[in-house]
1. Can you tell which of 13, 72, 22 is touching a strand residue (DSSP E or B) at 6+ places or on another chain (Cβ under 8 Å) and of a type in the set (A, V, I, L, M)?
2. Return a yes/no flag: does region 62-79 have any residue that is of a type in the set (Asp, Glu), in contact (Cβ under 8 Å) with a residue 40 or more places away in the chain and in a helix (DSSP H, G or I).
3. Has region 4-20 got any residue that is surrounded by 23 or more Cβ atoms within 10 Å (Cβ to Cβ), farther than 30 Å from residue 181 by Cβ and not hydrophobic (A, V, I, L, M, F, W, C)?
4. Would you check if residue 195 is closer than 26 Å to residue 253 by Cβ and at pLDDT below 75?
5. Among the residues of region 137-165, which ones are closer than 26 Å to residue 230 by Cβ, over 15 Å from the mean Cα position of the chain (by Cα) and not acidic (Asp, Glu)?
6. Output the qualifying pairs, or none if there are none: Cβ atoms under 6 angstrom, residues six or more apart or on different chains, first residue in region 107-128 and farther than 23 Å from residue 39 by Cβ, second residue basic (Lys, Arg).
7. Out of 186, 258, 273, report the one residue that is closer than 30 Å to residue 87 by Cβ, at pLDDT 90 or above and among the small types (Gly, Ala, Ser).
8. Among all residue pairs at least 6 apart or on different chains, which show Cβ distances below 6 Å where the first residue, located in region 145-156, is in the same structural domain as residue 71 (by TED's automatic domain parsing) and on the phi < 0 side of the Ramachandran plot and the second is part of a loop (DSSP other than H, G, I, E, B) and hydroxyl-bearing (Ser, Thr, Tyr)?
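The values are calculated or read from the model by the stated rules, or taken from the named source; none is laboratory data. Everything numeric here is computed off the predicted structure, so don't read it as measured data. Cβ atoms come from the backbone with ideal geometry, glycine included; neighbour counts cover every protein chain shown.
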Amino acid sequence: MNGVELITSEWEAAFQRLLSSAKRELLLVSPFVGQEPLNYLGRAMSRVNPPPRVYLLLNAAPENLLSGSVDARALHALISTHPHIHTAHLGNLHAKVYVQDSEVALVTSANFTTGGWRRNRELGVRIQDAALVDQIRSHILSLFGVATKLNVDDWDVLSEVVSSSVSPRAPSPRETHVISSRLQEARLRQIAPTGWVSENQVFAKTILFLLEHHGPLTTEELHPLVQELHPELCDDRVDRVIRGVHFGKRWKHMVRNAQQYLKRRGRIAYDRATRKWHLV
C-alpha cells in the first residue's frame with residue numbers, strides 16, 4: 001500500500017524523527033509514558049518557535065502511577081515548563097498511536113517509554129497516506145473529547161502521591177482514593193474558564209461519542225462502554241439513595257438521565273423494536 005511503511009526496529013529513531021519534525025501539532029496516544037521520551041519531547045519543543053500544540057493521551061490509573069508505568073513527576077516537570085503540552089487520561093486505554101502535523105502517523109505496539117523506544121521488540125507502521133492519517137487524527141481527537149483533561153495542578157498532586165511512595169508497588173487504599181478523587185475532580189472541570197460542567201454533560205458527551213463510533217446500542221450495551229471510559233465516575237460501590245432507599249448504581253442513573261436529556265434535545269432516539277439508542 002502506498003504511503004505505508006513497516007517498521008520492525010530502530011523505534012527510537014522513528015519517534016525522534018516524528019517529534020523533531022513537528023511544526024504545528026503532535027498527537028501522542030500511549031497508555032504508559034516514561035521520563036526519557038518525555039525529556040526528549042521537551043527538548044524538541046524548545047527548539048521550535050512558536051512550539052506546536054501537543055496533546056498527550058495516557059492512562060493515569062492508580063496502579064500505573066504507583067508502578068511508574070506513567071511517570072507523574074516527569075509529566076509534572078514537562079508541562080510546568082511547556083504549558084502548550086496538554087495531557088488527558090482515558091480509562092482502559094491500550095492504543096499506541098502518534099500523529100505529526102496531520103502528515104505522518106505511527107501506529108505501533110510501542111509505548112512512549114524507554115522500553116518502547118529501545119529495549120522491547122516492537123512492530124508497527126509509519127503512515128503517510130493523507131486520507132488515512134486524517135482518519136486517524138480525527139479518531140484521536142474524538143478520544144480527547146471524552147477524556148479527562150489533566151492540568152499542571154493535577155500533576156502536582158499526582159506526583160506528590162508518587163513521591164511519597166517508598167518504591168514501585170500496588171497502590172494502597174489511601175493512595176487509590178487520593179488519585180481517583182483527583183481524576184474525578186479533573187473529569188468534572190471545564191477546560192474553558194466558565195467554571196464547571198455537570199456530570200450529566202459528561203455522560204451525555206460520552207453517549208454521543210459511543211453511538212457515533214459503535215452504532216446503535218442498547219442501554220445494557222452502553223453501560224460497560226461508558227464505565228470503561230470513565231471508571232472514576234462509574235463506581236459500582238456507590239448507590240443512588242433517596243430517603244434511605246437504594247435505587248441501584250448511581251452512575252447508571254446518571255447514564256439514564258443523560259439519555260433522556262439527549263432525547264429531549266433531538267440528539268438521540270430510542271427504537272422500541274430493537275431496544276437500541278441511535279444518533280438522530
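1. Being touching a strand residue (DSSP E or B) at 6+ places or on another chain (Cβ under 8 Å) and of a type in the set (A, V, I, L, M) holds for just one of 13, 72, 22, which is 22.
2. yes
3. No, the conditions are met nowhere in region 4-20.
4. Answer is yes for this residue.
5. Within region 137-165, 152, 157, 158, 159, 161, 162, 165 qualify.
6. Here the result reads none, with nothing in region 107-128 linked to a residue that is basic (Lys, Arg).
7. So the residue among 186, 258, 273 that is closer than 30 Å to residue 87 by Cβ, at pLDDT 90 or above and among the small types (Gly, Ala, Ser) is 258.
8. Close Cβ pairs satisfying both conditions: none exist.
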